[in-house]
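Here's the structure we're looking at; comments come further down.
The values are calculated or read from the model by the stated rules, or taken from the named source; none is laboratory data. This one's a predicted model, so the numbers in the text were calculated from it and none came from an experiment. Cβ: placed from backbone, ideal geometry, glycine included. Neighbour counts: every protein chain shown.
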Amino acid sequence: MRTLAERKARAVAVLYPDALVLGADQLGEVAGRLLGKPENRVEARAQLLALAGRTHRLLTAVCLVGDGREETVVEEARLTLFSLSEAEVEGYLDTKEWEGCAGGYRVEGRGQALMEHIDGDRTCIQGLPMQAVVRLLRGRGVPLLGAGTLKPD
């Protein structure tokens with residue numbers, strides 16, 4: 001995940017050498033098992049049932065490339081799903097929000113109803129941890145709240 005975020009940022013930075021470029025990648029993990037993006041409803045059901053009533057981690061790496069430097073940070077969020085009935089899982093699967101989402105859910109949509117507890121930056125869960133991005137950009141002196149250049153931290 002860290003390596004993929006770095007490769008993504010480097011690939012774009014080659015095309016735009018004068019720009020600051022962000023790359024990001026995410027993975028989920030529960031009990032030492034990686035959570036991928038389910039390819040079909042059967043896989044999504046299996047992932048949701050495996051997560052039901054349990055806590056899992058989402059890790060998101062962000063890499064900032066530019067000005068001859070590269071910085072990568074990894075942010076973590078922990079999510080606990082409610083214990084779910086098969087009817088609840090099927091109802092959620094009917095929304096099709098699971099498509100393209102590691103773990104088989106999308107927390108920024110109806111998937112919020114699956115969550116008993118969330119510990120961490122919600123934007124990390126959505127795929128781009130904005131608190132980390134802001135820290136990286138401020139560290140490079142990028143003005144985020146007005147004109148001018150910030151003094152890098």
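Here are some notes:
- The lone exception for residue 93 - which of (1) over 20 Å from residue 127 (Cβ atoms); (2) in contact with a Gly (Cβ under 6 Å, 6 or more places away or on another chain); (3) not polar (S, T, N, Q) it fails: (2)
- Here residue 35 qualifies as within 13 Å of the chain's Cα centre (by Cα), modelled with pLDDT under 95 and within 20 Å of residue 93 (Cβ to Cβ).
- Restricted to the range 21-134, the set of helices (runs of 4 or more DSSP H) holding at least 1 residues that are surrounded by fewer than 13 Cβ atoms within 10 Å (Cβ to Cβ) and aliphatic (A, V, I, L, M) comprises 41-51, 86-95.
- Looking only at the range 59-85, and only at residues there that are modelled with pLDDT of 95 or more and among the charged types (D, E, K, R), the one that is farthest from residue 129 (Cα to Cα): 69
- Residue in the range 21-28 that is in contact (Cβ under 8 Å) with a residue 40 or more places away in the chain, among the small types (Gly, Ala, Ser) and more than 26 Å from residue 98 (Cβ to Cβ) present: no
- Criterion (within 16 Å of residue 57 (Cβ to Cβ), under 20 Å from the mean Cα position of the chain (by Cα) and modelled with pLDDT under 90) met by exactly one of 127, 104, 120: 127
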